[in-house]
Structures are given as structure tokens and as C-alpha cells.
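Working notes for the structure below.
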Amino acid sequence: DVGPFGAFQKTFYFLLCLPCTLTAFVTLASVFTAAIPPHRCFIPSCDTPNSTYKQAFDPGDPFATFSIPSGNQSGGFNSCQMYKVAPGTKEVCQADHFDLVETETCSRIASGLAPNYPVYLAMNFLVAFGQLGLFQTAFILSVENVGKDYRVFCSIIIEYFFVLGEILLTLVAYFVRDWRYVILYVMVPAVGFVFYWPILPESVRWLLTQRKYDKAQREVNRICRWNKTQFIGLDDYKEQVAENSLPNEGVLELLKSKVLVSRSINVCYCWFVVSMTFYGLSMNATSLAGDPFLNFLLVSLAEIPGYTLSYLSMERLGRRKSISISLLIGGVACIIGPFVPTDMEWLTIALFLLGKMGVTCAFGTVYLFTSELYPTTLRTLGVGFSSMFGRIGAIISPEVASLSLTAFWLPMVIFGGNAVFSGVIINFLPETLGKELPDTIEDSLTLGQRVTRVGENTHVDEALDDDHSDGDEGDDDDQAPLLV
């Protein structure tokens, strides 16, 4: 035994958590960098280069009424139009020098930058592409390199680093109001993580399933040295693998199983709902009444009790019930929120935060639950495929939020209704609390089922309710020896 959570695992787990802070920057930076604050044209004859943002929207400015048309933004100014200077007059800040009938646009700077917009989109696509792989790989590597008693702990602590990234993003955006510098300040530190390549360990479980025994042995020896435990060899494991002839499994083998296909559909829908609701609430935090920076900070801080409840409920209630209850509570809060009387602003914000806390709890659980449902041979692919549906949910979340222009209550009802429905059907999945990670598709199929052994024959009985499972210690003796 190399140790379930020794010095080796603790050190590299912390190193894996650090870049996850940056994933919050990439995912949610657009809340501030793409925000459209109230703005108006710069009036050359009236404004000065030293004019402040607050002065620009001072309704008491004497030139506001005769140089800028009225609009629907804060301060009552049109955002992109200004009155033309009257023909035959000089540009001076006087009412009779402006033509109050004809207007002109002042967005020439934006059009000048338009040719670079495709490059901006392409770079953002590549950044998002890398961010997704970064968090998933770090999460799976963390879970696979620790003992089963520490899987829940590691799956939650890494989420706290994501919250830390949200907090730091809020502070950077508050003190740095230029969107270009916001992006630079939050992304430049990512360059340092390139040096992780030669030092990060590979998953021993994955190496064994790929039958890369020499590399696996080197990783095991490395872990033993760090943890100061007795060196162990893999000869016994290789002999058992040779006897059992572990299959080389892929997607086609998974698709042949109706059980795994139905589970995958359920999990993918859960990811879609959780991600859509999570990012929908996060990105719309600034739309709440009050200071947008404070609102985003409060919604981010609401994730801390959400992840904490996820940790506590996963250990006591199990993964399945944890997701179900959190989605039901968060969904109901989202549905009720829009119908609260307008004079009870505090209750609207409280329900918004409760909805965010509930879906955060589900988010903290679904990562671990998904990784425990899929076998080692397909775990990265399974989590990645499920997470892809989560990305689809995140993509459409702003579009769902824009439905408030049609009916103010519609976005929250869509978020909440889907969360409630997913919270109900998630109960059809098997419980994984206390179970060893499945290594093969056959192992995955036995989750939530009774395995009866008669001589050398194996028979899989009907599905069981695993809520009160003690971990199936009796079955562990029949599995290949584990390293942690």
C-alpha cells in the first residue's frame, strides 16, 4: 500500500488546484469584459480629456440637454448619438451652436477595431478550449491518485479554488476598469503553469488499464519514495491481469450496453441543466439591483456553502440524493424568485442566492458522481462527453437569460423547471458511495446491482437501492489489488 493521501498526493493535489483558479477567470471574465456600461458620445467642444465617468452622466451638466439626444440609459443620454454642430458655426459649448434636429453617430472607434474582432473571437475560442481540458484533467488526475476515502474531499477542495478565482476576478475588475488590462492581469500568470509538464505524475490507474506497466512501476516507486512507504511491485497485478485478460474497451463497447447508454443520457442532461443554471445565474448576477461588483461577489461567495453542503451530503446521503435534493431546492428557489413582490428586493436576492447555492452543490457532486459511474478505461472520455453537454448549457444560458425581454419571469422558470426535472430523474442512477472506482465496463454495470457468485459463474441480479451500502467490502476481495 503506497498510502491513500500521503505527502506525494497532498503536494501534487495542491499543484493541480492552483491552475483551477485561472479557469474561473476564463469562464466568467466576460461578465465584466463584455459588459456594456452606460455610455454616451464625447462632445469635443464641451468635454475635456480630464472629464471623469461620473461627470459624464451628471444630469446637471448644462450642455447635456443641447448636445446629446435623450435615451434610455442611466442619466437619460443616448448611448451612440450626438447632435451635429450647426452649419456655419464654430465648435463651442453653446446651445445655439448645435443643430437639435440632425444627429450623428460617434462609434467610429469601434468600427476601426472591427477587423480585429475575428482574431479576438478565435483567441477566446482557444482559451476556452484549453480551460475546459485543464479543469477536467486536473480533477480526474486528483481523484484517481488518492484513496476512495479521500475522493470526496479532493473533489470539493478543488472547487474552492474555482471560487477563489471568482473572488480575485471581482477584485481585478473593480480596480482595473479597462477590459484589455483585466484580461492580461488574469491570464498572464497562466504562462507559469507550462512548467508543470515535466513534474506532474500520470494516473497509475490509467497506466495499468493501458498495460504500460514500466511507467506505472516508475510512478509507484516515485509515490513510495515521497510517502516513505515500502516499495511494492506490480508482478502480482500483471499476473492477475493476464489471467483475467482485461478488455481493451472503447466507445463502441459502451454503446452496446443499453444500461450505460441510458445512464449517459441521464448524466448528460444533468450536466446540461446544472451548467446552464450555474452560469446563467453567475453571468446575470450583475443584473440584480445594486452594485454589480458586490452582486457578483455575493453570488460567488454563495458557492462556498454550496460546495460545503455538497461535501457533507455526499458523505452522509450519497451522491445521488445529494444532487437530487440540491437541484430540487435550487430549482424551486429559481421558480419562486421572479414572482416575489418588487418591494421585497431582499427576498428576491435571497432566493437568487439560494438557487445559486443549490445548483453549486449539484455542480460539486456531479463531477465526482460522473467519474465514479464510468470505468477507468472510459472515465476521461465519459466525463469529457458529459461536460460537453454542460458547455452547451453554458452557451445557451445567456440566450435563455435574454428571454426576460419577452417575459421577465421566463428565464428563471426555465432554469428552475429543468433543475427540478433533472433532480427527479437523477434518482434512476445507481449510488456510488463507498464503492471502488470501476476499471471496466463490466465493473460499471455491477454498480447498484447484486452480484451472485456460484462456483466460477457470475450472475447479476436486479438493481438495488444502495443508499445504505457500507461499501460492498465483500466484493472488494474479488477485484484486482488496488494501489491506494
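The values are calculated or read from the model by the stated rules, or taken from the named source; none is laboratory data. As the structure is a computational prediction, the values presented were derived from the model and not from experiment. No Cβ is skipped: glycine too gets one built from the backbone with ideal geometry, and neighbour counts run over all protein chains shown. Note: areas computed on protein heavy atoms with side chains; ligands, DNA, RNA excluded. Shrake-Rupley method; radii C 1.70, N 1.55, O 1.52, S 1.80 Å.
Annotations
- Per-region count, region 385-430, residues over 18 Å from residue 331 (Cα atoms), touching a Cys at 6+ places or on another chain (Cβ under 8 Å) and open to solvent by less than 50 Å² (accessible area, probe 1.4 Å): 1
- Within region 251-267, the set of residues being buried (at least 20 other Cβ atoms within 10 Å of the Cβ) and over 25 Å from the mean Cα position of the chain (by Cα) comprises 254 only.
- Test: residue in region 75-96 that is within 30 Å of residue 230 (Cβ to Cβ), basic (Lys, Arg) and modelled with pLDDT of 70 or more: no
- Any chance residue 270 is open to solvent by less than 10 Å² (accessible area, probe 1.4 Å), under 21 Å from the mean Cα position of the chain (by Cα) and at pLDDT 95 or above: yes
- Residues in region 9-31 that are surrounded by 18 or more Cβ atoms within 10 Å (Cβ to Cβ) and farther than 18 Å from residue 152 by Cα: 11 in all.
- Qualifying residue in region 31-38 (condition: of a type in the set (Phe, Trp, Tyr), modelled with pLDDT of 70 or more and over 30 Å from residue 143 (Cα atoms)): yes
- For region 109-132, the count of residues that are modelled with pLDDT under 75, open to solvent by less than 30 Å² (accessible area, probe 1.4 Å), under 30 Å from residue 436 (Cα atoms) and assigned to a helix (DSSP H, G or I) is at least one.
- Matching residues in region 303-326 - criterion: being out of contact with any Cys (no Cβ under 8 Å at 6 or more places or on another chain) and either among the hydroxyl-bearing types (Ser, Thr, Tyr) or more than 21 Å from residue 447 (Cβ to Cβ) (or both): 303, 304, 305, 308, 311, 312, 324
- Unmet criterion (only one of (1) open to solvent by 40 Å² or more (accessible area, probe 1.4 Å); (2) over 19 Å from the mean Cα position of the chain (by Cα)) for residue 434: (1)
- Residues satisfying the stated conditions in region 363-419, i.e. of a type in the set (S, T, N, Q) and over 17 Å from the mean Cα position of the chain (by Cα): 376, 377, 402, 404, 406, 418
- Across region 280-316, the qualifying residues are those that are modelled with pLDDT under 85 and among the hydroxyl-bearing types (Ser, Thr, Tyr), and the one among them that is least open to solvent (accessible area, probe 1.4 Å) is 282.
- Given (1) under 23 Å from residue 12 (Cα atoms); (2) at pLDDT below 80; (3) surrounded by 16 or more Cβ atoms within 10 Å (Cβ to Cβ), index of the condition residue 187 fails: (3)
- Single condition residue 177 does not satisfy, out of (1) of a type in the set (D, E, K, R); (2) assigned to a helix (DSSP H, G or I); (3) open to solvent by 60 Å² or more (accessible area, probe 1.4 Å); (4) over 30 Å from residue 436 (Cβ atoms): (2)
- Residue 372, sole failed condition from (1) at pLDDT 85 or above; (2) open to solvent by 50 Å² or more (accessible area, probe 1.4 Å): (2)
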